Amino acid sequence: MSYVDIAPWRLLFVFVLLLLASLLVSWRANLGLGRQLVVGALRGAVQLLGVGYLLVVLFRDQRPEWVLLVLLVMLGTAAWTSARRIESGPGRRILVPRTLLAVGGGSALALIPVFALVVAPRPWFAARYVVPISGMIVANAMNVVAQVNERIFASARNDRAEIEQWLALGATPKQALARQTREALRASLIPTINGLLTVGLVSLPGMMSGQIVSGTPPESAIRYQIVILYQLVIVAAVSGGIAAYLARRMLFTARDQLRNL
Amino acid sequence: MLVDSSRLQLGEHGAGPAQPARAPDAACLEARGLTVRFAARTVLDAIDFSVRAGEIAVIEGPSGGGKSTFLRALATLQEATQGGVLLDGVAATEMPSSAYRRRVAYVPQLPVMFAGMVSDNVRAGPRLGGRELADDQVAGLLARVVLAPAMATRRAHDLSGGEKQRVAIARALANQPEVILFDEPTSALDPSAADSILALVRRCAQDGCAVVIVTHVREQATTLAGTRYTCEAGHLHRRGAA
């Protein structure tokens, strides 16, 4: 199957169009986001072009160590980004290893069974399958972990009196933080669940659209997308759960006292 | 006798089995060398303290003197830097924190009501241990804090400050504590509501609980007729019974 290639000058045209439209909105609404829009648009393009060239090399010289290195960089970046988004809470030295565990744990559970039993690329480290699918899953884990941590640490600060009142009645940390944990997990899972409910009705997912544009038969692209959607739910639930558990461990002392973070 | 009658009452309206009897003059709750430091600042400096069953210990002192931190440390909500607290001669660190806190209740200055009805709040402590109080037990606990049984179905967040304070005390009593720690329980109340809360505090002691209460109102210390202490600059000084 053939597809319509995008020439560089056409890409430039879209870039200019994006900048003009968004800068106009920012200027008219007095948002003050002009600089961020320009930097964001440029940085996004440069990052994607860089990744594109990296993928070219990766696909050409397929070696397991390179693929694993890319996955590790993905995980590390996701863990770091996730930890960096937390406004209040423990320092990054404490937080980053735990966000890595949460992102990595959920991603492993969502990816390994699928690569072993469902997609089953040959060889197992085939970059054109492993890298993009892992990227989507790890990105979702990153967002969920950041959201769970942000909400739980903020709640621990805002609801300190309530949490300590529960502790004073004899609650364990898990019981004392139950409402905040539940709300954080619900909030982090809702976008993924909404995605399940509205997929195909409101939007066509990016991966499926990309496959169809590049010539993959729709029925095959849809099967891939269904697998990805389920993986996104799994990673959100598992990474969110691990993040909530680790956040609780960070929030309380060994004697079940709520720390000042 | 007061202890026994209180346990009988709690057996009827409370949440669980009666606590083991102790010698009448034995210290119920003790602090030994209790020290709390925040960074370089010493908030509590090697405090020794004890309170017996049925006794009221009144802690006075200026703001920032360490009164509330002392109470929080007794409740084990504040980590001790050195020293520690003992309940019936057993170090708090030697028992699960939840077990200790069920026996040593803490009522904060501004109690937080949990979501739901007053009855949900009163049942909260026993529920944590997997026990459900019957309606008549909830009514009995509300009666102890002079609230009508009909209050049980009110939304807890809709209550007045005085009512919240009473519900918080009933909630603490539902665990059948041996010690109750009150942190300025009348600070946000009008004089008549404050008097009724002080009456409840005395009632808790009459029912056999050891009571530690923090206040900055001198008249209240006199009214409570307990053993008076002054907490200042991290030190606790005994002033004698009122």
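The values are calculated or read from the model by the stated rules, or taken from the named source; none is laboratory data. No experiment lies behind these values; they were computed from the predicted model shown. Counting neighbours? That spans all protein chains shown, and the Cβs are built from the backbone with ideal geometry, glycine included.
In summary, strands (runs of 3 or more DSSP E) completely within the stretch B:21-99 and bearing 1 or more residues that are within 22 Å of B:Leu110 (Cβ to Cβ) and touching a Lys or Arg at 6+ places or on another chain (Cβ under 9 Å) occur at B:27-38, B:41-52, B:56-60.
This table checks each residue for (1) in contact with a Lys or Arg (Cβ under 7 Å, 6 or more places away or on another chain); (2) of a type outside the set (Val, Ile, Thr); (3) within 14 Å of another protein chain (Cβ to nearest Cβ); (4) within 25 Å of B:Gln78 (Cα to Cα).
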residue: B:Arg154; (1), (2), (3), (4): no, yes, no, no
residue: B:Ala193; (1), (2), (3), (4): no, yes, no, no
residue: B:Arg203; (1), (2), (3), (4): no, yes, no, no
residue: B:Val217; (1), (2), (3), (4): no, no, no, yes
residue: B:Thr230; (1), (2), (3), (4): yes, no, no, yes
residue: B:His235; (1), (2), (3), (4): no, yes, no, yes
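Among the conditions (1) on the phi > 0 side of the Ramachandran plot; (2) within 14 Å of another protein chain (Cβ to nearest Cβ), the only one that A:Ala120 does not satisfy is (2).
Per the conditions (1) more than 30 Å from B:Phe114 (Cα to Cα); (2) without any contact (Cβ under 8 Å) to a residue 60 or more places away in the chain; (3) among the hydrophobic types (A, V, I, L, M, F, W, C), the sole criterion not satisfied by A:Val119 is (2).
Looking at the stretch B:198-223, which of its residues are modelled with pLDDT under 85 and either part of a helix (DSSP H, G or I) or more than 17 Å from B:Thr69 (Cα to Cα) (or both)? Matches in the stretch B:198-223: B:Val217, B:Arg218, B:Glu219, B:Gln220, B:Ala221, B:Thr222, B:Thr223. With respect to the conditions (1) part of a helix (DSSP H, G or I); (2) touching a Phe, Trp or Tyr at 6+ places or on another chain (Cβ under 9 Å); (3) among the aromatic types (Phe, Trp, Tyr), A:Trp124 falls short on a single one, namely (1).
Restricting the stretch A:217-228 to residues that are in contact with a helix residue (DSSP H, G or I) (Cβ under 8 Å, 6 or more places away or on another chain) and surrounded by fewer than 19 Cβ atoms within 10 Å (Cβ to Cβ), which is nearest to B:Arg72 (Cα to Cα)? Of everything passing the filter in the stretch A:217-228, A:Val227 is nearest to B:Arg72 (Cα to Cα). Residues that are among the polar types (S, T, N, Q) and closer than 18 Å to B:Leu44 by Cα within the stretch B:211-242 comprise B:Thr215, B:Thr230, listed in sequence order. Residue by residue through the stretch B:37-53, note down the ones that are buried (at least 19 other Cβ atoms within 10 Å of the Cβ) and farther than 15 Å from B:Tyr229 by Cα. B:Val43, B:Ala53, listed by residue number. Counting only residues that are in a helix (DSSP H, G or I) and free of Cβ contacts under 8 Å to residues at least 40 places away in the same chain, which one in the stretch A:152-175 is surrounded by the most Cβ atoms within 10 Å (Cβ to Cβ)? Looking at the filtered set, the residue picked out is A:Ala168. Output the residues belonging to the stretch B:99-120 that are within 16 Å of the chain's Cα centre (by Cα) and crowded, with 19+ Cβ neighbours inside 10 Å. Listed by number, the residues that qualify are B:Tyr100, B:Arg101, B:Arg102, B:Arg103, B:Val104, B:Ala105, B:Tyr106, B:Val107, B:Pro108, B:Pro111. Is it true that B:Ala75 is farther than 20 Å from B:Ile169 by Cβ, under 18 Å from the mean Cα position of the chain (by Cα) and at the interface with chain A (Cβ under 9 Å from one of its Cβ atoms)? Here the answer is no, as B:Ala75 does not meet what is asked.
Every residue, every condition in (1) more than 9 Å from every other protein chain (Cβ to nearest Cβ); (2) of a type in the set (Val, Ile, Thr); (3) more than 24 Å from the chain's Cα centre (by Cα), yes or no:
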site	(1), (2), (3)
A:Ile152	yes, yes, no
A:Glu164	no, no, yes
A:Ala168	no, no, yes
A:Gln175	no, no, yes
A:Leu185	yes, no, no
A:Ile190	yes, yes, no
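Only residues that are in a loop (DSSP other than H, G, I, E, B), more than 14 Å from chain A (Cβ to nearest Cβ) and touching a residue at least 60 places away in the same chain (Cβ under 8 Å) were counted across the stretch B:117-150, and they come to 0.
Looking at B:Thr153, B:Thr227, just one residue is among the β-branched types (Val, Ile, Thr), touching a strand residue (DSSP E or B) at 6+ places or on another chain (Cβ under 8 Å), farther than 26 Å from B:Arg101 by Cβ and in contact (Cβ under 8 Å) with a residue 24 or more places away in the chain, and that residue is B:Thr153. Would it be correct to say that B:Phe114 is within 11 Å of chain A (Cβ to nearest Cβ) and either among the aromatic types (Phe, Trp, Tyr) or touching a residue at least 24 places away in the same chain (Cβ under 8 Å) (or both)? Yes, satisfied. Looking across the stretch A:229-261 at every residue that is modelled with pLDDT of 95 or more and of a type in the set (Phe, Trp, Tyr), the one that is surrounded by the fewest Cβ atoms within 10 Å (Cβ to Cβ) is identified as A:Tyr245. Evaluate the stretch B:167-178: report whether one residue or more is of a type in the set (A, V, I, L, M, F, W, C), free of Cβ contacts under 8 Å to residues at least 60 places away in the same chain and part of a loop (DSSP other than H, G, I, E, B). No: the stretch B:167-178 contains no residue that is of a type in the set (A, V, I, L, M, F, W, C), free of Cβ contacts under 8 Å to residues at least 60 places away in the same chain and part of a loop (DSSP other than H, G, I, E, B).
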